[in-house]
Structure formats: C-alpha cells, structure tokens
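The values are calculated or read from the model by the stated rules, or taken from the named source; none is laboratory data. All values derive from a computational prediction rather than experimental measurement. With ideal geometry, Cβ positions are generated from the backbone for all residues, glycine too; neighbour counts draw on all protein chains shown.
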Amino acid sequence: MNAHITNIYGFIHDQDLRKKQNQFADAAHALGFKEMGIFNFDVSTDTENELSKRIDGIISSLQFNDLVFVQLPTGNGEHYDNVLINKIKAYNTKVCILLHQIIEYEYVLNAADLIMPTNNEVHAYLKEHNYSNVFYKKNINYEFSMISNSSNILSSDFYIKKYLIDAQDQLEESVLNEQDEDIIHIGFGLHDKDGHYSVWVGTVMQSILEHTDSRICFHILHDETVSEENKRKLKQVAHQKGDSIQFHFIDTSIFDDVKERLHTFTVGTMFRLMLPEILPNLTKIIYLDADIFVNIDIKELWNIDTSDVCVAGVKDYWVVNYAWNPYPVQKELVNRDSYINAGVLVLNLNKIRSYCNMKEKTLEYLIENPESNLFDQDALNVVYKNSIKTIDSKWNTFVGVVREQNREKLNRCLFHFVGNFLILYSESKIDKEYFKVISRTPWADYEIENQINKCLLRLNDRINQYQSLLPRLSQTGIKHIFYGEENATLRKLYNLINVTEKDYRVLKHPDSSKDHILPCKDLESLKDENGPIIIFVLYESDNYTAIQNLEELGYINGEDFFVAARFLSFLDGGFA
C-alpha cells in the first residue's frame, strides 16, 4: 500500500495556495509519499476525452488500495476536481482531501474518506455544514489551537508531518475482529535502545507478507525505546497489503527482579511472557524472534493443531546435538531431546491462561534458578514441559547449520539467525535473500550501507586479531590455556593449534569428564603461571563474565588473551 499526494505546478494566480501545497508535498516526500503533479491550465479548452487522458497520466503510479492525499482546490475548477477524485476512487483507494480553502464541491467533499482542513476558517466552515468525514483523531476533534494566533493552523514542517501521519493512521486503521478465524496473529517483543532493532522486526514482517495471501495482524509488544519514526515504518510494512498492526506498551519495571541478569539478552525477550495478559480476547498467536527470515506461507504454521497443548515449538538443534548445555538440561529438569528453542512458538493462549500465569511462573523460575543461562527460554521449557508439542524443524531452521551444510539451496522453511544476523560475505543464498528483503523495507537507505560497513569492519577486525595473535602463538615454549566449557568451538581450536599435554582449560567452577580432551582447572590457577602463556577465551563462559575475569587478573585483551569468536570464521563459531 503506497501513499500519494498531489501538488500543483505551472502559472498559478494564487501564490499562497501554491506555497501551501508545495509545503505539504515537501513534508509528505520526507515521509515516503509519492507525488502526483498537477499543472494549472485552462481546462475549458479540453474535451472530456482529453481531460480524462490528462488525469490518467497524473495518476499513472496509482495501484489498487493505495492512499491518496488530494490537495484542493487544484486551481483547475470544480469539474476537473470532480473527475480527478472520481478516477482516483475507481482504484478502490482511500482518499483524504487536504482542504486549503473553502470550496462548495458537494460531490468531492462527500466522496472523500477524510477531509483535513489546514486553517481555522476552513475548519469552521466544515463544522458548520456538518461534514461527517472531517479529520478526527480517535473520535476527538483535532486541536487546531496548537499554533498561536495564526489563521494557518499548520505552519511548521513538524506539525504538518504529524498531521499527515495521524491522518494516515486513521485511514489505514481497520476494524479488527480478534475472533475472526481468517486472521493470523503474530507477536514480537521489541526493545530498541539504539534505534536500529526495529528494522529486524520489520524485515521479518516483510518476509511474512511476501509469502502469504492470508490476512495478518502483527502485535508489537514494546517499551519507551521504540521511536515514533520506527513505529511509522513498521506500520508502513504492515499496511502495504492492507494488513493490521497493533502496538502494546510494556512497563519494564515488571521485570526489575531479573533484568540485571540479562547480559547479552535485552529485556525485550521477556515481553512475550505478557502475550496472554496483553491480548485477553485472543485464543492463539504465533510468537517470533526478530532474527527470523520466513520463506514459507506462515499459514501452514498457524494451522498446526495446538488444541491439546500450551506451546508448540521446534527442538533446539544445538541443544539436541550437545553444542549447548542449558541449565535445566544439566539439572535434569527437562529432557535434552524435548528442549525447544523459544524463537518460534505457537501459543494456545486459552490453555496457557488456564494452566498457569505465564509471566508469574517464568519469573518465579528465574528467581529460584539464578544460574539458568538461556533465561526465559529455559523457564518456558520447564514451566510447560508437560504441555509442549514439538513440530517439524522446518519451522525453526538455524541459519548457522544451513551455512555449513547447504549454501545454494533455499528450502521452504522458517530460518532463524539465532542472534548472528546477516553475513554478506558468507556466499550463502540465505544471506543474499535476507539482504534483498531488507532492501525492500522502509529502512533500506540506511541499512544497506550499514550492513556493508559492518561486513568490512568485521573482516578488518579478524585480520587485526591474527596480526596480534600469530607472533604470540609462535613463541618458543608457549603454553595454550583455554577458558570455557569444552564445546565444538574449543575442539576446533584444539585442532587448529595442536594442543600438547601441558595445555589445559580453566573455569571458575571446573568441570571434568572422561570425554574431555583437556583437563579443567580453577580460574585462580592462572595466578601460578610464570612462563609464556596464551589464553583463548569463549566470551560467554562463566555466565558471560570471562573477559572481565581475565582483565581483573591483569591480562590484556588482544595481547595476553584472545576472544575466539573474534578471530574464528563464523562457520567455526566466530562472530558474524
């Protein structure tokens, strides 16, 4: 769904009208509106056929179901304006008239879905004549006294943009019956501290809409960090095919008891816990993380039967394959083979409400189990372990696995970047297609350049790490010490470096197993080392405190120790 605005050109006797229309058109351009240029001329010399062709040229960019802001009067007279509105309405568009002067064109004024007066005189006229389609915001008459004593109630670019955005929202606002079975409801949690996270939610939405003909209602659970500009862009994505979007504000103080333990997660991960309460009239919803790319019709996921369970999700690939060892699996609170990844969930909200309070039970678990390392994902697995349905892996396919196993084929499934996001230099089709979808969102101008720059910075950082690491690594008699649990990443490092019997691992709380290649010592044992050593650290070790712990012991990052994820390739566990 595109938004258009008319603008007048040519020799115009009324210069105030021209300036006003140009001013509104400039503000609309900044909001992404397309322009329909109208030239002022003597229409009395045109036949009806000639006039029709002229107007067809003006509206040639119009598509069905678009929004059109028509600035009136055009200066070409009532008949011209009537024909213009009639042709625009033929595209099943919603028409908003920006009315700069009083006109007594009954057909035009009654045909519009919305009339926006731009000065007090026009507003008074419309009010006196009881036009029902004059711009209202949430059923409250728009406050025109917000700008001093000027007869032009909208005289600044800021207020014009706000006026246009508010009117656009009202035009796009659809009457939503939450019980309508034809509507698929999809929820996201959105905490956007730096202003650059909304694009990922928008990209998921874009990929969903490009692969379905179903009606969608997006629910954005957010806090105060989400800007009005990003809300507008999210609406722009949702409304392009006439779908719905609802914003639900979350008070983050609800999670104060556990927020300090989030580390690499943001408080936004907790927002999904509010879905049963925030949407009391909904019976079912799909929850998605922001690092998702949908290459399949989401309706197939929606149609999965969850009538007998609270939650449906996919077994976590890394947990099932022993690459991750979450706390509840270690403590045998849940079975490894049934542990699901919470990035894609189908939630039976009715059954969840009758089963327990999702938010309260999750917080209770986290407070009682402060060592739980995958946070609310751990909690959901424990709380609902007797009411979880595992579904096909195509609904949560990890991109890291796709990059390793198959770079060229793009299967019909739902891809999960699992926090890694885009890698432009991966040569994988998934990254190429994901980048194309980003380029079709309202954030494209910024994000295309941003992703290219991030790619270059990442490659340069790897080069710099190697330049610092290699001289240290080639020292005679150097001892290799590894900080972290012995997982797939560390074992790849062992093979690259050729460990010896004098090498070992460290952790604050040493773990030992006959399956381990290297023994594990207490972190404090580093204080007894006198000879040359080099430390390779998994940054997530000891609950993400590994780097801080080494620095407190006097070791220097990039000289004495090296973060494995900074110099390893993404296929070996390195940063993207």
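Quick one: in segment 550-572, which of the residues that are under 34 Å from the mean Cα position of the chain (by Cα) and part of a helix (DSSP H, G or I) is surrounded by the fewest Cβ atoms within 10 Å (Cβ to Cβ)? Only one residue fits best here, namely L571.
For segment 19-45, the tally of residues that are surrounded by 14 or more Cβ atoms within 10 Å (Cβ to Cβ), in a loop (DSSP other than H, G, I, E, B) and either assigned by TED's automatic domain parsing to the domain that holds V237 or out of contact with any Phe, Trp or Tyr (no Cβ under 9 Å at 6 or more places or on another chain) (or both) stands at 1.
One residue stands out among those in segment 1-18 that are in a loop (DSSP other than H, G, I, E, B) and either free of Cβ contacts under 8 Å to residues at least 40 places away in the same chain or closer than 22 Å to A167 by Cα (or both): the one that is farthest from the chain's Cα centre (by Cα), which is F11. For segment 241-257, the set of residues classified as surrounded by fewer than 19 Cβ atoms within 10 Å (Cβ to Cβ) and either within 15 Å of the chain's Cα centre (by Cα) or not in a helix (DSSP H, G or I) (or both) consists of K241, G242, Q246, F247, H248, F249, D251, D256, D257, listed by residue number. Pairs linking a residue in segment 87-108 that is closer than 21 Å to L164 by Cα to a residue that is of a type in the set (S, T, Y) and in a helix (DSSP H, G or I), with Cβ atoms under 8 Å and 6 or more positions apart or on different chains, are I102/Y125. Checking Y136, Y131 one by one, the residue that is surrounded by 12 or more Cβ atoms within 10 Å (Cβ to Cβ), more than 38 Å from the chain's Cα centre (by Cα) and modelled with pLDDT under 80 is Y131 and no other. In segment 87-107, the count of residues that are at pLDDT below 85, hydrophobic (A, V, I, L, M, F, W, C) and under 25 Å from K19 (Cα atoms) is zero.
State whether one or more residues within segment 459-478 are surrounded by fewer than 17 Cβ atoms within 10 Å (Cβ to Cβ), β-branched (V, I, T) and in a helix (DSSP H, G or I). Taking every residue of segment 459-478 in turn, at least one turns out to be surrounded by fewer than 17 Cβ atoms within 10 Å (Cβ to Cβ), β-branched (V, I, T) and in a helix (DSSP H, G or I). Here D66 does not fit the description of being surrounded by 14 or more Cβ atoms within 10 Å (Cβ to Cβ), farther than 28 Å from Y159 by Cβ, acidic (D, E) and at pLDDT 85 or above.
For segment 183-237, filtered to residues that are of a type in the set (D, E) and assigned to a loop (DSSP other than H, G, I, E, B), the residue that is farthest from V418 (Cα to Cα) is D213.
The residue that is nearest to C96 (Cα to Cα), counting only those in segment 46-60 that are surrounded by 12 or more Cβ atoms within 10 Å (Cβ to Cβ) and β-branched (V, I, T), is I59. Residues in segment 556-576 that are modelled with pLDDT under 80 and farther than 17 Å from F421 by Cβ: D572 only.
Under the condition of being under 12 Å from P73 (Cα atoms) and assigned to a loop (DSSP other than H, G, I, E, B), the residues counted in segment 94-117 number 6. The set of residues in segment 372-396 being in contact (Cβ under 8 Å) with a residue 60 or more places away in the chain and hydroxyl-bearing (S, T, Y) consists of Y384, S387, T390, S393.
Within segment 451-470, residues that are under 19 Å from L496 (Cβ atoms) reach partners that are of a type in the set (D, E, K, R) with beta carbons closer than 6 Å, at six or more positions or on different chains, in the pairs Q465/R566.
Filter segment 404-436 down to the residues that are part of a helix (DSSP H, G or I), surrounded by 21 or more Cβ atoms within 10 Å (Cβ to Cβ) and in contact (Cβ under 8 Å) with a residue 60 or more places away in the chain and list them by number.
To start, the set of residues in segment 404-436 that are part of a helix (DSSP H, G or I) comprises 404-405, 429-436.
Within this subset, residues satisfying the condition of being surrounded by 21 or more Cβ atoms within 10 Å (Cβ to Cβ) are 430-431, 434.
Of everything in segment 404-436, those that are part of a helix (DSSP H, G or I), surrounded by 21 or more Cβ atoms within 10 Å (Cβ to Cβ) and in contact (Cβ under 8 Å) with a residue 60 or more places away in the chain turn out to be I430, Y434.
Number of residues in segment 353-371 that are in a helix (DSSP H, G or I), touching a residue at least 24 places away in the same chain (Cβ under 8 Å), surrounded by fewer than 22 Cβ atoms within 10 Å (Cβ to Cβ) and in contact with a helix residue (DSSP H, G or I) (Cβ under 6 Å, 6 or more places away or on another chain): the value is 3.
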